[in-house]
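Inspection log for the structure reproduced underneath, given as structure tokens.
The values are calculated or read from the model by the stated rules, or taken from the named source; none is laboratory data. Source: prediction; values computed, not measured. So basically every Cβ, Gly included, is an ideal-geometry build from the backbone, and we count neighbours across all protein chains shown. Keep in mind that these areas ignore ligands, DNA and RNA; they rest on the heavy atoms of the full protein, side chains included. Shrake-Rupley method; radii C 1.70, N 1.55, O 1.52, S 1.80 Å.
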Amino acid sequence: MTNLREVFNKLRVIDRKRLPRWLRTLGWFGATALCAFVVNLAALFLFIDPQLPDADSYRHYRYETPLRILTHDGKLIAEFGERRSMPIALRDTPELYLQGVIATEDKRFYDHSGIDWISLANDMVDLMLQPEVLRGASTITMQLPRNVADLARGQTVVRKAKEMLLALKIERELTKDEILELYINVVPFGKHAYGIKAAAYTYYNKDPNELNLAQLAMLAGIPKRPEAGNPINGPEWALERRNLVLRRMRDAQVISLDEYAAAIDAPITADVFTRQLDLHAPYPAEIARMELANLYGDEIYTGFSIYTSIDLDQQQKGQQAVRTELEAYDRAYGFRGPEARLDITRSQPELLEELAAFSPVYDLEPLVVTAIEDRSVQALRSDGSTVEIPWQGMVWARKALRDTLVGTTPTAAAEIVSLGDVIRARPSDSGWVMAQIPEVSGALVAVDPNTGGIRAMVGGYSFEINQYNHATQARRQPGSGFKPFVYSAALHHGVTPATVFLDGPLVFEDESLEGAYRPKNDGGTYRGPTRLREALLRSVNLVSIRVLTSVGGDQVIDYLQRFGFDTSDMPSNTQVAIGGGNLVYSPLEMASAYSVFANGGYKIQPHLIEKVIGRDGSVVLEPSYPIVCAECDGTAGLQAAVGDVAGAAIADNPPSVLAPRVIDPRNAFLMNSMLRDVVSKGTGSRASVLDRSDIAGKTGTTDEALDTWFNGFHPDLVATVWVGFPKQRSLGRYEFGSTRPLSIWIEFMREALQDLPELALQQPNGVVRVRIDPATGELASYEQEDAILEYFRDEYSPAKGVEDRRANQLKGVSPETIF
């Protein structure tokens, strides 16, 4: 220790003798500064490092690509996600594009280890000489964090330090080719495009390998300023940037002088090409998205594609039918007035800015009235042009009054609108026609009764106006549309289509009410003794109530579970018979229940998602749903005929999940027969315009027409339609299930059934057809001229007693012994 101290002291003496004081002072300051720099650098590292993502995450980076919703045959109906991303492998990327990127962004990319120290030193010198000019000195590797980890893009010391540190880490984890492949797939190009392939389709609608040199150079330059500097938003800057890329490619001898000269003279050919939807179908698309999000969370935005059960043509027709009929209803009940009133004395730019707050809805454009003639108006469009609405396009607009009443027919335009009014109108062959966005709403659900696949779903007039899906979320009273399920319960308990019930006054004493409850029929009339079939096709309330009380409320409610209804809170009272009280169901639930009748007695599971495909083409999810197969369980379906190819194919290769039989096939047959009568000669007879004998259904109208329904089906398709106001109020005294809902159903089925053959109702074993007296429902005599034919389950046939008597007499048994 003593020797060391002596050596140190000698060195200090030598230092003082040989070095001037100013140099010694400068040395101490330099050493201190170096220590401070090292300490601060270490502190910065300790501060930044915990904030940085693991570099290994870049190897397993999941590209954010839109969730695509497709029909069952692959037609696009929705995309969810802000980014348009189409990842491409490095080996499939044009070499000229890669060379352009490297030449422009990072010419020493394959030589440095994440940080280009030469470029960094040059930029630091430039910064000292020209402080106002900021340069980034960012390598391709350093640019990854801001595009992958969403680091702030501001030019700050901390951000730059983060990028440099991450770049060093990334270079240790990934190869150069892996880094470059990640870069070309995540950099932004503007217009929601991320990555070279998405950019190629966005600006040129071509695969990258189909682009020429000028186009590839243009794309290589965009990421510097993706929004302000793309060829659409900033064509001048984009052209300069493209030419810079070309010069650097020339200087790097990537392209020849001739190629350079040709490309530098090429004009901008970019445009905006977005992936067009085959059909905008937001209601089913949103349901599918939510269902998958519940299973996979944000992973669904990594390139998932959902194949749904939706049929494009049926969905399109359903949307059109609902929209057309809701507009027709709204027009019939008058003009409610303008959406707003603007000050037309303001300048046109100011007026247009205010008008821009009103978005178009379908083809209904927002207009502001700028001039009024005797029988026409001039109106300003959002593009600054002016249109004229002629008298024939506005004479319909009688003033809407309270309780669905309307005023008198107008005689002048000034009676309808005022200057500055914001109204809606659409172009037509005869000129512009005034219109308005309906307040009334509606829903349609179409289901394949044999598979449960939802073929069409419309949840309202416009998803953009109201995202509430009335097809699945709105639970409303079904009205008389619920009667078939009560009648099916009655058939199960021995009632027949010929059983006679009294259509007459009823009085119930109910302590929960102030007085006695006296249910009534629509119209307040009574028909006296009425057969069950007749009561259903005329929708007789009092017969339905008597059917319920005859069978027993508890027995009926227990039976209703077979159709999928939740009966836990269902009251055992007369409201069950007429679909009132607290019975509330969605259109989807009603369509599912009617599917049991359509398919011959099986309970299916309505669904949208059929298959989910990942970005790499692998099957992520493929659920199994119950399939109807009458041949598989040994019972004949309603439409199963001998030698039926489709049925035989299913039986030979049965599905993994069979739909359970919930009602007797004979019960389903009898209900089909009666519900076909409803369509051919009952409350649904307007559907006979379709000229088909294989359709059936039931109307439904609640008190004061708060809710109106039509539930109808073909053996291969069930469709339920509901029309009503979101906030319950009467649709009007002349509105029923047989008006607006049935009109929508007819227009939808006209399209949906056009390629389906007409199917006869096959009579299953155990059902007989007997001549009966239409007045009593009893067996008719041979001489009775007004006798009619009726179907019965064999054991409940009125001829059964006669046949048994005859058989027993032949055996020597007294007829009385069998009763």
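Here is the figure for segment 325-343: residues that are open to solvent by 20 Å² or more (accessible area, probe 1.4 Å) and in a helix (DSSP H, G or I) total 5. Scanning segment 369-386 for residues that are over 35 Å from the mean Cα position of the chain (by Cα) and not hydroxyl-bearing (Ser, Thr, Tyr) yields Val369, Ala371, Ile372, Glu373, Asp374, Arg375, Val377, Gln378. Out of all the residues in segment 703-714, which are under 29 Å from the mean Cα position of the chain (by Cα) and open to solvent by 10 Å² or more (accessible area, probe 1.4 Å)? The answer is Leu706, and nothing else.
May I ask you to verify whether Gly442 is under 23 Å from Ser738 (Cβ atoms), assigned to a strand (DSSP E or B), touching a Lys or Arg at 6+ places or on another chain (Cβ under 9 Å) and not basic (Lys, Arg)? Working first, answer last.
Numbers: under 23 Å from Ser738 (Cβ atoms): yes; assigned to a strand (DSSP E or B): yes; touching a Lys or Arg at 6+ places or on another chain (Cβ under 9 Å): yes; not basic (Lys, Arg): yes.
Against the criterion (under 23 Å from Ser738 (Cβ atoms), assigned to a strand (DSSP E or B), touching a Lys or Arg at 6+ places or on another chain (Cβ under 9 Å) and not basic (Lys, Arg)), Gly442 qualifies.
Check segment 176-191 and report whether any residue there is in contact with a strand residue (DSSP E or B) (Cβ under 6 Å, 6 or more places away or on another chain), open to solvent by 20 Å² or more (accessible area, probe 1.4 Å) and not hydrophobic (A, V, I, L, M, F, W, C). So far as segment 176-191 goes, no, none of its residues is in contact with a strand residue (DSSP E or B) (Cβ under 6 Å, 6 or more places away or on another chain), open to solvent by 20 Å² or more (accessible area, probe 1.4 Å) and not hydrophobic (A, V, I, L, M, F, W, C). Restricted to segment 218-245, and to residues there that are open to solvent by less than 40 Å² (accessible area, probe 1.4 Å) and basic (Lys, Arg), the residue that is nearest to Ala266 (Cα to Cα) is Arg242.
In segment 592-619, what count of residues is obtained for those that are within 22 Å of the chain's Cα centre (by Cα) and either free of Cβ contacts under 8 Å to residues at least 12 places away in the same chain or closer than 21 Å to Pro665 by Cβ (or both)? If you could, list the steps in order and put the result at the bottom.
Within segment 592-619, the first condition is being within 22 Å of the chain's Cα centre (by Cα), and the residues that meet it are 592, 604-615, 619.
Filter again for either free of Cβ contacts under 8 Å to residues at least 12 places away in the same chain or closer than 21 Å to Pro665 by Cβ (or both), leaving 592, 604-605, 619.
Here the count works out to 4.
The set of residues in segment 571-598 that are at pLDDT below 90 and of a type in the set (Val, Ile, Thr) contains only Thr574.
Looking only at segment 402-455, which residues are hydroxyl-bearing (Ser, Thr, Tyr) and closer than 30 Å to Pro623 by Cα? Talk me through it step by step, then tell me what you get.
Our first condition is that a residue be hydroxyl-bearing (Ser, Thr, Tyr); within segment 402-455, this holds for 404, 408-409, 411, 418, 428, 430, 441, 451.
Within segment 402-455, just Thr451 meets the criteria.
Do we have Asp554 as part of a helix (DSSP H, G or I), open to solvent by 10 Å² or more (accessible area, probe 1.4 Å) and modelled with pLDDT under 95 here?
Details: part of a helix (DSSP H, G or I): yes; open to solvent by 10 Å² or more (accessible area, probe 1.4 Å): yes; modelled with pLDDT under 95: yes.
The answer is yes for Asp554.
Can you go through Val377, Val445, Val369, Val422 and tell me which one is surrounded by 15 or more Cβ atoms within 10 Å (Cβ to Cβ) and under 30 Å from Lys75 (Cβ atoms)?
Details: Val377 fails: under 30 Å from Lys75 (Cβ atoms); Val369 fails: under 30 Å from Lys75 (Cβ atoms); Val422 fails: under 30 Å from Lys75 (Cβ atoms).
Just one listed residue meets the conditions, Val445.
Per this entry, Pro208 is counted among residues that are open to solvent by less than 10 Å² (accessible area, probe 1.4 Å) and touching a residue at least 24 places away in the same chain (Cβ under 8 Å). Each residue in segment 729-758 was checked for being more than 25 Å from the chain's Cα centre (by Cα), of a type in the set (Phe, Trp, Tyr) and more than 17 Å from Val440 (Cα to Cα), and 0 pass.
Of everything in segment 57-101 that is assigned to a helix (DSSP H, G or I) and open to solvent by less than 20 Å² (accessible area, probe 1.4 Å), the residue that is modelled with the lowest pLDDT is Tyr58.
Report the residue count in segment 594-617 for those that are part of a loop (DSSP other than H, G, I, E, B), in contact with a Leu (Cβ under 7 Å, 6 or more places away or on another chain) and open to solvent by less than 10 Å² (accessible area, probe 1.4 Å).
Going through segment 594-617, the residues part of a loop (DSSP other than H, G, I, E, B) turn out to be 599-601, 603-606, 608, 614-617.
Now drop any that are not in contact with a Leu (Cβ under 7 Å, 6 or more places away or on another chain), which leaves 600, 606.
Those left that are additionally open to solvent by less than 10 Å² (accessible area, probe 1.4 Å): 600.
Of the residues in segment 594-617, 1 are part of a loop (DSSP other than H, G, I, E, B), in contact with a Leu (Cβ under 7 Å, 6 or more places away or on another chain) and open to solvent by less than 10 Å² (accessible area, probe 1.4 Å).
Based on what the data block shows, is Thr683 outside any helix (DSSP H, G or I) and touching a Pro at 6+ places or on another chain (Cβ under 9 Å)? Judged against the criteria, Thr683 is not a match.
Which ones in segment 757-785 are closer than 24 Å to Thr683 by Cβ and open to solvent by 30 Å² or more (accessible area, probe 1.4 Å)? So that I can check it myself, show each step before the final result.
Applying the first criterion (closer than 24 Å to Thr683 by Cβ) to segment 757-785 yields 758-761, 772, 774-775, 777.
Glu758, Leu759, Ala760, Leu761, Pro774, Ala775, listed by residue number.
Under the condition of being basic (Lys, Arg) and not in a strand (DSSP E or B), which residue from segment 517-549 is least open to solvent (accessible area, probe 1.4 Å)?
The initial filter retains those residues of segment 517-549 that are basic (Lys, Arg), namely 518, 520, 527, 531, 533, 538, 546.
Next, from what is left, pick out any that are not in a strand (DSSP E or B): 518, 520, 527, 533, 538, 546.
Numbers: Arg518: 158, Lys520: 142, Arg527: 111, Arg533: 23, Arg538: 111, Arg546: 44 Å².
Only one residue tops the list, namely Arg533.
Pro427: in a loop (DSSP other than H, G, I, E, B) and either out of contact with any Pro (no Cβ under 9 Å at 6 or more places or on another chain) or closer than 20 Å to Leu326 by Cβ (or both), yes or no? No: the conditions fail for Pro427. Scanning segment 344-368 for residues that are more than 25 Å from Ala400 (Cβ to Cβ), part of a loop (DSSP other than H, G, I, E, B) and more than 31 Å from the chain's Cα centre (by Cα) gives Thr345, Arg346, Ser347. Using the structure shown, decide if Asp569 is without any contact (Cβ under 8 Å) to a residue 60 or more places away in the chain and within 29 Å of Pro798 (Cβ to Cβ). Against the criterion (without any contact (Cβ under 8 Å) to a residue 60 or more places away in the chain and within 29 Å of Pro798 (Cβ to Cβ)), Asp569 does not qualify. When every residue of segment 282-291 is checked against the conditions, at least one turns out to be open to solvent by 70 Å² or more (accessible area, probe 1.4 Å) and in a helix (DSSP H, G or I).
Look at segment 306-330: where a residue is over 29 Å from Tyr296 (Cα atoms) and a partner is part of a strand (DSSP E or B) and hydroxyl-bearing (Ser, Thr, Tyr), sitting 6+ places away or on another chain with Cβ atoms under 8 Å, you get Leu326/Ser441. Residues in segment 575-584 that are closer than 12 Å to Phe482 by Cβ and either out of contact with any strand residue (DSSP E or B) (no Cβ under 9 Å at 6 or more places or on another chain) or open to solvent by 20 Å² or more (accessible area, probe 1.4 Å) (or both): Gln575, Val576, Ala577, Ile578, Gly580, Gly581, Leu583, Val584.
Scanning segment 344-354 for residues that are surrounded by 13 or more Cβ atoms within 10 Å (Cβ to Cβ) and closer than 21 Å to Ala414 by Cα yields a count of 1. Of all residues in segment 232-269, those that are over 17 Å from Ala220 (Cβ atoms) and not in a helix (DSSP H, G or I) total 4. Checked against (1) out of contact with any His (no Cβ under 9 Å at 6 or more places or on another chain); (2) not in a loop (DSSP other than H, G, I, E, B), Thr567 meets all criteria but (2).
Would you call Ala490 modelled with pLDDT of 95 or more, aliphatic (A, V, I, L, M), assigned to a helix (DSSP H, G or I) and more than 30 Å from Tyr625 (Cβ to Cβ)? Answer is yes for this residue.
Would you call Thr324 more than 19 Å from Glu610 (Cβ to Cβ) and not small (Gly, Ala, Ser)? Full working, then the answer.
Details: more than 19 Å from Glu610 (Cβ to Cβ): yes; not small (Gly, Ala, Ser): yes.
Yes.
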